Amino acid sequence: MAAQLSVQRACSELGDDESRSSARDEIVLAVGERKMTVLEVALALQGPLTSPEREARENGTRVLGEIASRCRGVLNSGELHTLSEFLAARLRDWPCAGAAATACRALLQPPSPYDAGPAPAATLGEASAGAILEATAEALRTAQSLRQEERSALLQLLLAALGGGWAARLAAAAPAGGAGGAAAPSGLAPALLDAFLGAVDGEKDPRCLLLAFESVAELCRLFHSRGVDPAPLRQASEELVDWLATYFPISFNPPPAAPGARNRSITRAELAAGLHAAMASSPFLAGGVLQLLAEKLSSTYRPAKEDSLSALRRCCAAYGPDALAPHLGQVWSALRSELLQPVSHNCGGGAAGDADGHVAGAAAAAACLTAVARAAGPGALDRTALQDASMSDLVAVVRAARGGEPGAGAAGGGGGGGPSSTVAARADRQVLCGALLVSAVCAAGPGSTAAAQTAVLGPVQAVLAEALAGPAGGGGSGSGTAVYDRPDAVMYGMTLLASAAEAVAAELVGGPPACVSSPADGAAGVAAMTDMKRALTAALSALSGPLLATDADADVSMDTDSAPPPSSPLAGFSPAAAAQLRLAVVAAWRALLSLHMGYVGVLAGMVSSGGVPPEALAALAALTLSPEEVAAAAEQLCTCALAAAAAAAAGGSGSVAVPSRMAWGRQVDACQEAAAALQQLLSLPSLPAEAAASGGRNAATSAEAVVTLLVRQLTEAMSPASSTAAEGAATAAEALRLAVSLAEAASQSPGAAAFSAAWLAALPPLLVGTPSRRPRESWLRPCLAQLASRVLPAAARTPSSAAAAAAAAASLAAHGLAAAALTAAAEWDASAAAASDDAEQAMPFVGIDASGGFDEPPLMDAWCAAVEAAVSCCDDNQQLGLAMEAAEVVSAAAAAAAAANGAAMPRAALPLAAAVIAGLRPAVLAPHSTQAVADGLLRLLSAATSPAAASGTATHPALRPAAVALAAAVNRWQDAAALDAWLTSAFRPTLLAALAVPPGRTAAAAPAAAVVAAVGWVGRALALRTHPALSEITTALLACLTSPSGVATSDDMEVDAPAAAAVPGAGGAAGSAEAAAAFGLLVAEAAEAGGVELAARPAAAVCRVLWQQRCFSMCLQALAQAASAYTPPAYSSAGDAGGPALTPDPLPLPLAAAAGNLAAAAPAALCRQDAPRLVPLLVRSARRLAAALSKAPSAPGEPSGAGPSSGPSLPPVALAAALRGALRVVREWLNTQAGPQPNEALGKALVDCAPELVGLVCAATAVTAGSASSSGGACGGAGAAPLGAATCAVREEALRCVLALMDAVPYHVLHPMRQQVLRCVTRTLDDNKRGIRQLAVKARRVWADK
């Protein structure tokens, strides 16, 4: 009775879906627990299944489907048979087709082991499966009238029957006569095919099409199964191809995904892949499919061409040579037309000259030709292609260039327009298309390579040899040196050979050894590749003389009007010909290096498999590069790169890249290409020992000799003697770039690691050599910067075991570099050069401009950064030795500063010593050594900033690095108790108390900026350790921000300060600026001063968990409390904080700058997390800064920043930097709110401050260099450029905030201020910076359209 009730509820038309689903769950549970049998359920469903109501029958079928899918493992054979009969009957009932198809698919699938009961799960009988398949065929015949869900379910059922092997087993095991009926088993396969074709005719739904394409592949697999007659498929192949052709090429754009949709959209690529797989599913389809693809290749619709080539590659590989043979002529004709398209079209000048895609189409056709030729087998399509007239024309073009016929020579000499250049351009296109065709044939296999060698490459090699060695054939320049006569012939021949070698090398990657899989063809292919390699290496050897030409052998020029001077590295060629040949040489070496790597991989596989004759190993080993050839490659590649840079400088060109004739006119940089080839060379694998022994070769690639050669050649190019002229300076700069790019890959290959170590060891004489060998500043500055940012960090990374020796050598070289810098700096300080105004004498530590440009740091900062990076590469023992040497420098400098009132502090050795201390690892120094270093630095800073210090010592360039070094020592102090004692006994009375003056002397001079900076850096060190003494430092810094004139009192700081504690220095502005900057310093992830860095990395500092969160919260609370003591200004239009202020904002400028610096330096997540506290403070502070910089009146008749409590006026650049940082944080907030996951608390805070936000961005758009300089004192001269750049950045950030406001804040909140925003945006439409004008136009459009 309970079962009957459950069935009634499950099939009721009156209940809802939830009640029916609950009832089905109860029935399934009862069957699974064997409380009900399938027969009992079927009897209970008799009424619903035979009901005239469609819904009742469909609901009853769903009950059976749930049992079939969820109870499959516990049903016995009889119950499976019962279910199959019921469900097969339901398949013929169209309202139940979808549910029945889903249930039948569950029955055809094997039972899951997780659903099985104690006994093994029963299997479905063949009779039951046959009944389902017969019903499936009948249902498919009426599928066109069903909904998409039902059609999809039927196709999935068909796939389950085909993919599970049921259809193949039933069709193969059926008796010849069959059992009769609509679809007897003997006719099951034809019935399924016929029903499928009827079901999918005219199908347009992409979901069903994907299933239909997959069904085609499964049906074809069925007819090609053992025991199944394939004749019906052969007969229906034309109809099947016609159906597939209606969808080719796929033209489908997926609709945009609905919000919240769970199912992803089907893409065009998925449909195209399914269609191509269906086309390739049977050789019976070859005739119609190949004809279709050949026709589509001639289409002008680019997607049709691309799809045709993709399908052709897939289909030909699947069809096999027998099916392809009758259609090869048609396929070759279509591919040939596509391959040679660029010849008849003017395809040049890079991407712009290939607007119609002819070059890309030719490359795709070449890849397709490789696949088709490989599928057709040797001697088929490859022979047809090689016998084509275009190949004989190709050889004729190369031969004509060798003979010096008109066109080729003019093009090689860089001749201008006219008929000759037109002929040369067509010849270039013929060679490039021929290279694509020959390379495609060679990549098809060793037999095809041998055929290409005989038909095309052999004659080309002969022409190349004649061009390099033989006399002029006529029409030449009359030169006796043939290589200078025919640059085109050399370039064409090398391009063809290099393209073929590159194609073969690409096929060797991951492929089987050809000479093992096909001995005869393999041997012929190896012989052909040997000839190609020999010809290429001979050509490169012949060009080594001209590439390294000197005055003695550079007596011949092809074009006397445009030939470079005899001293040029390519003295025998015109500049244009030399540039093209350099690119050809680099391309040839890259091809040979790729070939070497490919054949080494093949040899390694052959040796590991064993059983390979030594003769085969020796033949393949000959295709690899010998140590001598590797050394020649290194020398020639390096020469090409340096020569290209020198040629660009000689020609007055700002770019080394030139239009490459052998790259379709694309701009190619020979220096970059050579650098990539050298990186490839340094990572070359060694030959297996067995292969090397068989070929009589050395197993190693002589990496040490190559590294030595490269280092010597590059250091010679960097030497001062070679950098005196413009060409020499360009060569030195390119040598530096090349060396940096090779050394930067130290962690990627042992060869690059060895080069990095050797180059670092060779650098000290260049950097700190004798006066006659001192480098130019234009080379020294980027060299130090690249060492600090790229080379030394790469050397410091953990090396692999294979590069352990190179890592040790790099550590030793870095130690030598740091030690040499310290020694040279001490000698320089002791000499008269330190006090000399002569630029050459001031090198290498000060330079021509000691302060550097506004966009680059001083030269001494670059030295400090490089030395710190070098120290980080050293091991512990090396670091300890450097630390002792640096400690001696600091101690001596402290004693001298105390004796001479700071006037005797070294200018070079002291900053470098501070950099050494900052670069130490945390555990290197023992606690007593750390205290000695800290005491020395503290004495030094105290002496240099004392009241009796000599004039100018408070701004000594060594003080900032010394402050960072002191912070590093404090942070890495291993004894916590000793650190606490030092802070109490040394730091507080020496530096911290120097920030305070007794009450009654607040008008005295402010603390020196160096003192405030040192306190801030010690605060950073303590913040990283989450030390409780950090609160004292923040209190002291905050007092400097809020006290008038930037002077903190002892009452403010709650410390006892003597009457003489006032420290003369830079005045209130500089000290307050340092205090404001310190709040950003405390929470920043990385910070530096004077080139010395204290980063929050475990390898560089002691970093506690959540240190940033704790420090940020402390600083934010302190700043918010301090700001709350100043009443916000009143505004006109009550409640409209976006309007002009009636009273000045008394918030001190240093306090506002500190808030901006803190927010800008903190992680974005912390700023969002503390939005309720930070948003009001930051918006008010930023508006205060913007008003001060824009000189907007805070009250009628009163300038911005006026008022008794406004504090000292900070430098305008510092104000602009703080404002830009605050605006950047505001923009990040606005973008977050406009994104997919807004923050509720942040959104509320922004809405509450919306008027203030609008006022802020409007004021910030008015900030200019002129208004900023008048707000903070004169800023002309050297300060004008940085101020102008800073104010431009402020206006740009403000306009980005204006754009983001519209998407982040509800419009009804912004609408009252819309006109105000439009007025401010309109003012920036005529800004001097183009980027700001573009943003203003966009912002006006966005706000005006609302």
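Taking the range 873-917 as the range and being open to solvent by less than 20 Å² (accessible area, probe 1.4 Å) and modelled with pLDDT under 90 as the test, the residues that pass are Ala893, Ala894, Ala897, Gly902, Met905, Ala908. Here Gly348 meets the list (1) at pLDDT below 90; (2) part of a helix (DSSP H, G or I) almost entirely, failing just condition (2).
Of the residues making up the range 410-428, those that are open to solvent by 30 Å² or more (accessible area, probe 1.4 Å) and either modelled with pLDDT of 90 or more or part of a helix (DSSP H, G or I) (or both) number 8. Beta carbons closer than 6 Å, at least 6 apart along the sequence or on distinct chains, pair a first residue in the range 115-143 that is under 22 Å from Val28 (Cα atoms) with a second that is buried (at least 17 other Cβ atoms within 10 Å of the Cβ) and at pLDDT below 75 for Asp115/Arg72; Asp115/Gly73; Ala116/Gly73; Gly117/Val74; Ala121/Gly73; Ala121/Pro111. With respect to the conditions (1) out of contact with any Lys or Arg (no Cβ under 6 Å at 6 or more places or on another chain); (2) at pLDDT below 90; (3) closer than 30 Å to Pro1148 by Cβ, Asn1328 falls short on a single one, namely (3). Note on the range 290-309: among residues that are out of contact with any Ser or Thr (no Cβ under 9 Å at 6 or more places or on another chain) and surrounded by 20 or more Cβ atoms within 10 Å (Cβ to Cβ), the one that is farthest from Ala363 (Cα to Cα) is Leu290.
Checking Leu297 against (1) at pLDDT 90 or above; (2) within 24 Å of Leu240 (Cα to Cα): exactly one of these is not met. Which one? All conditions pass for Leu297, except number (1).
Filtering the range 69-110 to residues that are within 18 Å of Ala42 (Cα to Cα), of a type in the set (Lys, Arg) and surrounded by 17 or more Cβ atoms within 10 Å (Cβ to Cβ) leaves Arg70, Arg72, Arg90.
For the range 1074-1100, which positions are of a type outside the set (D, E, K, R), touching a Gly at 6+ places or on another chain (Cβ under 9 Å) and in a helix (DSSP H, G or I)? Hits for the range 1074-1100 are Ala1075, Ala1076, Ala1077, Ala1078, Phe1079, Gly1080, Leu1081, Leu1082. Would it be correct to say that Ala278 is touching an Asp or Glu at 6+ places or on another chain (Cβ under 8 Å) and closer than 30 Å to Ala231 by Cβ? Answer is yes for this residue. Among the residues examined, Val1102 does not qualify as open to solvent by less than 20 Å² (accessible area, probe 1.4 Å), β-branched (Val, Ile, Thr) and at pLDDT 90 or above.
When only residues in the range 224-246 that are under 48 Å from the mean Cα position of the chain (by Cα) and not in a loop (DSSP other than H, G, I, E, B) count, which is surrounded by the fewest Cβ atoms within 10 Å (Cβ to Cβ)? If we take residues in the range 224-246 being under 48 Å from the mean Cα position of the chain (by Cα) and not in a loop (DSSP other than H, G, I, E, B), then Asp242 is surrounded by the fewest Cβ atoms within 10 Å (Cβ to Cβ).
I'd like the residue in the range 595-646 that is acidic (Asp, Glu) and closer than 28 Å to Ala579 by Cα and, out of all such residues, is surrounded by the fewest Cβ atoms within 10 Å (Cβ to Cβ). The selected residue is Glu628. For the range 969-989, the candidate set comprises residues that are farther than 19 Å from Leu941 by Cα and part of a helix (DSSP H, G or I); within that set, the residue that is least open to solvent (accessible area, probe 1.4 Å) is Ala978.
The condition of being in contact with a Ser or Thr (Cβ under 9 Å, 6 or more places away or on another chain), at pLDDT 85 or above and either farther than 16 Å from Arg1291 by Cβ or part of a loop (DSSP other than H, G, I, E, B) (or both) holds for only one of Leu1242, Leu1253, that being Leu1242. Checked against the criteria, Val707 does not count as closer than 30 Å to Asn346 by Cβ, at pLDDT 90 or above and hydrophobic (A, V, I, L, M, F, W, C). All conditions in (1) at pLDDT 90 or above; (2) assigned to a loop (DSSP other than H, G, I, E, B) hold for Gln453, with the sole exception of (2).
The values are calculated or read from the model by the stated rules, or taken from the named source; none is laboratory data. All values reported here derive from a predicted model rather than from experimental measurement. In this analysis, Cβ positions are derived from the backbone assuming ideal geometry, glycine residues included, and neighbour counts consider all displayed protein chains. To get the accessible areas, we keep the full protein, side chains included, count just its heavy atoms, and leave off ligands, DNA and RNA. Shrake-Rupley method; radii C 1.70, N 1.55, O 1.52, S 1.80 Å.
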